Amino acid sequence: MSLRVEVRRAVPGFTLDAAFEAPAGVTVLFGPSGSGKTTLVNAIAGLVQPDAGRIAVGDRVLFDSRAGVDVPVHRRGLGTVFQDARLFPHLTVRQNLCYGRWFARVRQPLGPVVEMLGIGHLLDRRPAALSGGERQRVAIGRALLSAPRLILADEPLAALDDARKREILPYFERLRDEAGVPILYVSHNAAEVARLATTVVALEGGRVVAHGPAAEVLGDSEVAPLGVRAIGAVLTARVARHHADGLTELDAGGVPLLLPRVDRAIGTALRIRIAAHEVILSRGVPVGLSALNHIPGSIAALRDGEGPGVIVTLDTPAGRVLARITRRSAEAMGLAPGQPCVAVVKSVAIAREDAGG
Amino acid sequence: MSLRVEVRRAVPGFTLDAAFEAPAGVTVLFGPSGSGKTTLVNAIAGLVQPDAGRIAVGDRVLFDSRAGVDVPVHRRGLGTVFQDARLFPHLTVRQNLCYGRWFARVRQPLGPVVEMLGIGHLLDRRPAALSGGERQRVAIGRALLSAPRLILADEPLAALDDARKREILPYFERLRDEAGVPILYVSHNAAEVARLATTVVALEGGRVVAHGPAAEVLGDSEVAPLGVRAIGAVLTARVARHHADGLTELDAGGVPLLLPRVDRAIGTALRIRIAAHEVILSRGVPVGLSALNHIPGSIAALRDGEGPGVIVTLDTPAGRVLARITRRSAEAMGLAPGQPCVAVVKSVAIAREDAGG
Amino acid sequence: AEVTVFAAASLKTALDKVVPGYEAASGNEVSVVLAGSSALARQIIQGAPGDVFVSANPGWMDEVEAAGRLAPGSRRDLLGNRLVLVAGVEGPAVEIATAEDMPAPAAEGRIGMALVDAVPAGIYGRAALESLGLWQDYAPRVAQADNVRAALALVAMGAVPSGIVYATDAAAEPRVYVRGRFAPDLHPAIRYPAAVLEGSETGAGFLDWLEGTETSAIFDEAGFEVID
Amino acid sequence: MGWLGPEATDALLLSVKVSLWATVVSLPFGVLVAHALARWSFPGRQVLNGMVHLPLILPPVVTGYLLLIGFGPQGPLGPVGGFFAFRWTGAALAAGIMAFPLMVRAIRLSIEAVDPGLEDTARTLGAARPWVFLTVTLPMILPGVLTGAVLAFAKAMGEFGATITFVSNIPGETQTLPTAIYTFLQVPGGETEALKLVLLSVGVAMGALALSEWLGTRVARRVAGR
Amino acid sequence: MGWLGPEATDALLLSVKVSLWATVVSLPFGVLVAHALARWSFPGRQVLNGMVHLPLILPPVVTGYLLLIGFGPQGPLGPVGGFFAFRWTGAALAAGIMAFPLMVRAIRLSIEAVDPGLEDTARTLGAARPWVFLTVTLPMILPGVLTGAVLAFAKAMGEFGATITFVSNIPGETQTLPTAIYTFLQVPGGETEALKLVLLSVGVAMGALALSEWLGTRVARRVAGR
Ligand SMILES: Nc1ncnc2c1ncn2[C@@H]1O[C@H](COP(=O)(O)OP(=O)(O)OP(=O)(O)O)[C@@H](O)[C@H]1O
Ligand SMILES: Nc1ncnc2c1ncn2[C@@H]1O[C@H](COP(=O)(O)OP(=O)(O)OP(=O)(O)O)[C@@H](O)[C@H]1O
Ligand code: MOO
Ligand SMILES: [Mg+2]
Ligand SMILES: [Mg+2]
């Protein structure tokens, strides 16, 4: 099931004019504040009417200005999580959670969601007695329990602390991988984008400035929509072994990669992200270093980055790897296209947060 | 001017019982969702009355349950920025900004604040026509313009994108360094904490679980209040040179450190943070590596971390440096206390975001 | 000079005709204040600035007198009235002296009357029915309005088949038919007392004019009994 | 209630009955009309708004007359006139109509205070508009509805002009407290009796008011979750 | 206004004057009382609330009677009685008192809808409570205040019972449209004249209502920044 969006809407001082296709998986929508992300999400939800355009989820046309289709909001079968939690103040947390379930095609059990979100002790409270983060967690649970065909999440984790973010992200991943529910996810956070995104859509001033599979958009050193720090490669790897010392070995095109235990069955395909700024390049295979992962390859391109940096693209058996190093280092090392080179990555630098299944 | 807080307040299901002293500079209050940060901020602002305690800014007692002092909210002279922007919906952005100024002792000019926050084009709009991030920026400006004696910021940047965060953080720094206004800053974000914090107060379940100068609390491998990824060392360094290739050289206790250009005068003292998970250890001085920064030292301690990791504390001329590596690497390298060892840090890994003045 | 006349509201039509003549003759300006007798009486007792009071009810005039608000010796009974039975359907008018005389429309459905314990027309009507020995019978069927005009309106609009009102009201309402006249001895005499209010300089002149022959004709035409 | 005398007791009980019915029956309409005025846009919205307010603007007697004409044998509503004419039901109708603008205004204001974002959210969660209304809007406006209901009840307890004009004063059927009070005020020396009834009526309405304040605070606290 | 006749014209102008004064003068008190009831807690709050609602509960005639006695020569308010007794000012007083509960309720509901968080924020920015009220609360409740004012005006235009009982029905001084209507209804054949006045009164009040709806939408849009 895929989402196809083509929307035009003008308000004084701002025009949204965006078209993109979001295949199954998570499509992350990002862009600076005021670029129209929320407006776009609202248009898909049916809460604002586009001046013109077409919105379809799979075969189901939700809106089509030419055909005169405009499916009512409650029939769209979308789960939304807004920037502000928008909990129903008169209902307890439990009742808030069950709200969408009443109307849902499928009644999921409350338990797993409640546990995953760590809100079991809050069930009988009312929203006013929750902290900001608690509120947002309940809102996420409420949307999940409505068994939606598409989830629209407008910065759902913005108000959460890192520990909670790490707890909740896997659930979005599971949704993506298991339930096949497409997710349109607005986020400012590079780690979230890299971890979740199947497809990336970058908005700026109401227009799509970059759009494509996450690996491409994020791995393209020319498109740095999240800022320099977000550049990185997304690789596909399989779980090869679980070691006794708590490390998991992945096989990325024949290159072994070690990272802290990943609870996935052997053989599972994973996507991992290696941020360009965390890669150290070495002319030979380094010795006596604490970093465990060495990915040999050859330099495909050298491109000047922002400031004093250079972005080096390495072709390796595991796929394209990007490294951001200083121009000074590049010169000192005499790097040039075609040269062999080893990407050194600390095992723990391929952080769990940046590795998603 | 320092803030002294000693507050007890119980509501059903939650008791806040916290005491700390915040010297001049930025005191970052952090802790998981629901730990009582907002409640504490509200108590200082005078918006909730503690059951008992004492709150003083410098010589000025704002609240003292024993002495019966309870300065009215509007006399406390505090600037607040709340999680939700709380702009006045009936006023334009300009009027919102000027609101606190009407009552302020000092009338700051609007211009610099407006420019810094990038809200010049919004001045005549009303809050309802702003995006979430735009709203938060206006709220920050409004608080700044009220010329407060103390700024209370409850996750002021949570709703902002990275680019905006990077733009606004320096203003908080400037406030801290130039205006001498103490800031109590609630944040979940490790980078923000490291960059801004002079003092760190960690709350959990309404209690202070860690408290002290930022360098100590963040550099203590036993206190990992922000989660494993937040462990790191905070070092003090001076700006030594600005190189022509865009790098700035710092002098940290004799050790040269290179990082992308820092716009500070030569001789300025800076605090930089080296996250433990970004440090690679090497037995000798490495050659042929793109990482420019090598900090030699000797191992002070090896401590088992979470999961398959080990945290290595290194005594170096620059100060204590922490490294988080895998147990496998530690064993393979035969690391033991007393041994010499080099911390390898990519120049760009000491990111601007993590370096503060 | 000005003359302020406090008068029971039911006198409006007649007074409207009387006033221009008086104004022309005397050069005084007249202001007629119309309301229920009870309201007017209370206001006069509380010091309302007036010159003449014409009440539809001797009881309220007594109250005003007891409060010392009347010019001594100025009180007199100005007018009298008759009670009639009206109905929405046409038919001959009979004199009612006994219960058997009651016309057919009164035998069924509700009977519109003014409040039988409070408003003069209602009080007189109830007295008449009691004298006829019909009260027990009729009481449950009585629809009491807050004034006699409203009672008449009930009949005029067909909401009730019959009603007991003053002859003066019946005369001016084309949609109702007088079907019976109650014998005057069935109830206490219907009297409209009038008096000059204490301290008034112009009141006496107007009151005298009210008793003049010109006005008598007007009152007579309106259906009142002019009392000499 | 021996000290009251049987007529006054009847009047009291009748007043309470009439006012309760007037309030309860008109409440759903009040909520509906308030919702329509606050959130829908349709042709004739202004006309509806004006009509709702008419009883407030007109002297009560005129409203009573209009009802009398409307439900009279020749009136457009003549066919159902029998149900109301000279019966307590008519008194309830008159009281309900007189109180309607108060009820609608109170409810409307509280509907306008509900964040439309919450209603939007409920819709995205699958609730059709009527469901949104029942499960989100209505519970959130309960304090306003309560206010509207109590205002209407209090007004109904005091309604006199329209009631007596429409259904007259028939002891035990349409003689409410206000008509009884009026009756006493019409006769010299009746003030003491009238005062007794006034106190009675004030007592009942104040009781309702206090109850509503108490309930309102509780409901508001529940709704706001405080 | 020739077709109206001088008396009716007088009554119309007087009604508008009386209603405007009643509304304008009572508005500050209405806002104050509404704010007190919505946001302060003090002993006697319930009593104040009850007193404000009394005119709604009491039959208007009783209210008028109480005013008559209260401002009478022997009444507790006798000293200022001269200012009100049987003058248009008294009519305005009666109308204002009768309309007061409506005004207070409308304003109170809108105050209760204001997020206290905004008021808190204003306080942290240095505004003392009165300033907070003037600069934050009041602008935000303007639609409610407007509603309250127009309700009060409409009610004042229709007020009859209390007015005629308190200040009588003196042409040119206290004869308002409703009392004039009453007068016409007292005489046979007066219905046509009465109807004319009714239409007039309805026209004025509806005009005010429409104006307020229009203004209210504008103010609300401004306040919500939409
Ligand atoms: N009702 C409105 N009238 C005028 N402009 C509006 C209105 N609503 C939104 N805008 C403008 O539309 C633009 C897009 O807003 P939107 O809320 O979609 O941004 P966003 O990308 O979600 O930002 P953020 O990351 O800050 O939430 C902004 O410039 C905003 O000022
Ligand atoms: N009115 C209340 N009644 C009961 N409990 C409350 C009330 N207000 C807050 N709490 C509880 O107090 C605790 C602290 O809340 P607080 O808002 O201070 O947390 P926080 O640290 O700011 O969280 P977050 O990071 O999510 O904003 C929470 O457990 C919350 O549930
Ligand atoms: O004028 Mo009266 O007092 O209704 O009989
Ligand atoms: Mg947004
Ligand atoms: Mg908080």
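Annotations
- Within the stretch B:279-315, being free of Cβ contacts under 8 Å to residues at least 12 places away in the same chain and in contact with a Ser or Thr (Cβ under 8 Å, 6 or more places away or on another chain) holds for one residue alone: B:Gly288.
- Only one entry in B:Gly79, B:Gly46 is in contact with a helix residue (DSSP H, G or I) (Cβ under 7 Å, 6 or more places away or on another chain), surrounded by 24 or more Cβ atoms within 10 Å (Cβ to Cβ) and facing another protein chain (nearest Cβ under 8 Å), namely B:Gly79.
- Among the residues of the stretch A:1-30, the one identified as assigned to a loop (DSSP other than H, G, I, E, B) and in contact with a His (Cβ under 9 Å, 6 or more places away or on another chain) is A:Gly13.
- Restricting the first member to the stretch C:84-107 and to residues that are exposed (fewer than 13 other Cβ atoms within 10 Å of the Cβ), and the second to residues that are of a type in the set (D, E, K, R), the beta-carbon pairs closer than 6 Å and six or more apart or on different chains are C:Glu95/C:Arg181.
- If only residues of the stretch B:50-76 that are at the interface with chain E (Cβ under 10 Å from one of its Cβ atoms) and touching a strand residue (DSSP E or B) at 6+ places or on another chain (Cβ under 9 Å) are counted, the one that is farthest from B:Leu184 (Cα to Cα) is B:Arg75.
- From E:Trp88, E:Trp40, residue being open to solvent by 10 Å² or more (accessible area, probe 1.4 Å), of a type in the set (Phe, Trp, Tyr) and under 30 Å from C:Gly50 (Cβ atoms): E:Trp88
- A residue that is over 30 Å from C:Met61 (Cβ atoms), charged (D, E, K, R), more than 9 Å from every other protein chain (Cβ to nearest Cβ) and open to solvent by 10 Å² or more (accessible area, probe 1.4 Å) occurs somewhere in the stretch D:197-218.
- Inside the stretch B:247-265, residues that are open to solvent by 20 Å² or more (accessible area, probe 1.4 Å) and modelled with pLDDT under 80 make up a count of 4.
- Residue check, B:Leu123 at pLDDT 90 or above, over 23 Å from the mean Cα position of the chain (by Cα) and surrounded by fewer than 18 Cβ atoms within 10 Å (Cβ to Cβ): yes
- Some residue of the stretch C:121-133 being outside any helix (DSSP H, G or I), surrounded by 22 or more Cβ atoms within 10 Å (Cβ to Cβ) and either within 16 Å of ligand 4 (Cβ to nearest atom) or within 12 Å of chain D (Cβ to nearest Cβ) (or both): no
- Residue within the stretch A:175-186 that is more than 16 Å from ligand 1 (Cβ to nearest atom), modelled with pLDDT of 85 or more and assigned to a strand (DSSP E or B) present: yes
- Check on B:Val28, within 14 Å of chain A (Cβ to nearest Cβ) and farther than 14 Å from B:Val208 by Cβ: no
- Subset of the stretch D:44-68 that is closer than 26 Å to C:Gly112 by Cβ and more than 10 Å from chain E (Cβ to nearest Cβ) - its residue that is surrounded by the most Cβ atoms within 10 Å (Cβ to Cβ): D:Gly64
- Count of residues meeting criterion [within 14 Å of chain E (Cβ to nearest Cβ) and in a loop (DSSP other than H, G, I, E, B)] in the stretch C:152-190: 6
Condition check ((1) modelled with pLDDT of 90 or more; (2) within 14 Å of ligand 5 (Cβ to nearest atom); (3) over 28 Å from B:Glu134 (Cβ atoms)) across all residues:
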{"residue": "B:Met1", "(1), (2), (3)": "no, no, yes"}
{"residue": "B:Thr15", "(1), (2), (3)": "yes, no, yes"}
{"residue": "B:Val48", "(1), (2), (3)": "yes, yes, yes"}
{"residue": "B:Ile55", "(1), (2), (3)": "yes, no, yes"}
{"residue": "B:Phe63", "(1), (2), (3)": "yes, no, yes"}
{"residue": "B:Ala67", "(1), (2), (3)": "yes, no, yes"}
{"residue": "B:Asp70", "(1), (2), (3)": "yes, no, yes"}
{"residue": "B:Gly77", "(1), (2), (3)": "no, no, no"}
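- Check on A:Arg149, in the same structural domain as A:Asn189 (by TED's automatic domain parsing) and open to solvent by 20 Å² or more (accessible area, probe 1.4 Å): yes
- Residue selected from the stretch A:21-37 under the condition surrounded by 21 or more Cβ atoms within 10 Å (Cβ to Cβ) and either modelled with pLDDT of 85 or more or of a type in the set (Asp, Glu) (or both), by the criterion nearest to A:Arg76 (Cα to Cα): A:Ala22
- Applying the condition of being among the small types (Gly, Ala, Ser) and open to solvent by 20 Å² or more (accessible area, probe 1.4 Å) to the stretch B:298-334 and asking which residue is nearest to the other protein chains (Cβ to nearest Cβ) yields B:Gly307.
- Exclusive hit being modelled with pLDDT of 90 or more, in contact with a Phe, Trp or Tyr (Cβ under 6 Å, 6 or more places away or on another chain) and of a type in the set (Asp, Glu), set C:Glu130, C:Glu90, C:Glu95: C:Glu90
- Candidates in the stretch D:133-179 are the residues that are open to solvent by 10 Å² or more (accessible area, probe 1.4 Å) and free of Cβ contacts under 8 Å to residues at least 24 places away in the same chain; of these, the one that is farthest from the other protein chains (Cβ to nearest Cβ) is D:Leu134.
- Some residue of the stretch A:101-117 being away from chain D (no Cβ under 14 Å), basic (Lys, Arg) and either more than 25 Å from A:Ser2 (Cβ to Cβ) or not in a helix (DSSP H, G or I) (or both): no
- The stretch A:49-76, residues that are aliphatic (A, V, I, L, M) and surrounded by 21 or more Cβ atoms within 10 Å (Cβ to Cβ): A:Ile55, A:Val57, A:Leu62, A:Val73
- Summed over the stretch E:9-23, the residues that are open to solvent by 80 Å² or more (accessible area, probe 1.4 Å) and without any contact (Cβ under 8 Å) to a residue 40 or more places away in the chain give a count of 1.
- Strands (runs of 3 or more DSSP E) (entirely within the stretch C:22-91) containing at least 3 residues that are over 18 Å from C:Pro120 (Cα atoms): C:29-35
Here's the yes/no breakdown for (1) out of contact with any strand residue (DSSP E or B) (no Cβ under 6 Å at 6 or more places or on another chain); (2) within 16 Å of ligand 1 (Cβ to nearest atom); (3) in contact (Cβ under 8 Å) with a residue 40 or more places away in the chain:
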residue	(1), (2), (3)
B:Val5	no, no, yes
B:Ala10	yes, no, yes
B:Gly25	yes, no, yes
B:Val48	yes, no, no
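- Number of positions in the stretch C:134-170 that are surrounded by fewer than 19 Cβ atoms within 10 Å (Cβ to Cβ) and within 18 Å of the chain's Cα centre (by Cα): 0
- In the stretch D:59-74, the residues that are closer than 14 Å to E:Leu185 by Cα reach residues that are buried (at least 24 other Cβ atoms within 10 Å of the Cβ) and hydroxyl-bearing (Ser, Thr, Tyr) with C-beta atoms within less than 6 angstrom, at least six apart or across chains, in these pairs: D:Val61/D:Thr165; D:Gly64/D:Thr165; D:Tyr65/D:Thr165.
The values are calculated or read from the model by the stated rules, or taken from the named source; none is laboratory data. Note that the structure is a prediction, hence the values are computed from the model and not measured. Neighbour counts are summed over all protein chains in view; Cβ atoms, including those assigned to glycine, are modelled from backbone coordinates with ideal geometry. Each accessible area value is taken on the protein alone, full model and side chains, heavy atoms only, with ligands, DNA and RNA left out. Shrake-Rupley method; radii C 1.70, N 1.55, O 1.52, S 1.80 Å.
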